[in-house]
Amino acid sequence: MIISDAKIFEQMESELAKARAATTKASQDKHLHGLMLLVQLAKTGDETGLEVEQSAIPKSEPAQIVNMDGKKIELEDGANGDSLLDF
């Protein structure tokens, strides 16, 4: 896959904006790490483009934390133990 410098710079701007808008330190660190990877990618590439695997570019997916309020989780196989070791 060929990635142009313009596309890398566009992604860098996006990651920087997400880092600035982050509400937690962990989220900010994640976006700054993505920015760092993109900088390294830009430094190692040539001017015409760079071949990169899809997995080398980090995808930003927001993590969702759900409070279960002490409720048991029912799994599709019917298991519903109190311990992680219950099968």
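Key figures for this structure:
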| item | result |
| --- | --- |
| Meets criteria (part of a helix (DSSP H, G or I), in contact (Cβ under 8 Å) with a residue 40 or more places away in the chain and of a type outside the set (F, W, Y)) for E10 | no |
| Residues of the range 13-67 classified as loosely packed, with under 14 Cβ neighbours inside 10 Å, modelled with pLDDT of 85 or more and of a type outside the set (A, V, I, L, M, F, W, C), total | 9 |
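The values are calculated or read from the model by the stated rules, or taken from the named source; none is laboratory data. No experiment lies behind these values; they were computed from the predicted model shown. Positions of Cβ are generated from backbone atoms using ideal geometry, with glycine treated the same way; all protein chains shown enter the neighbour counts.
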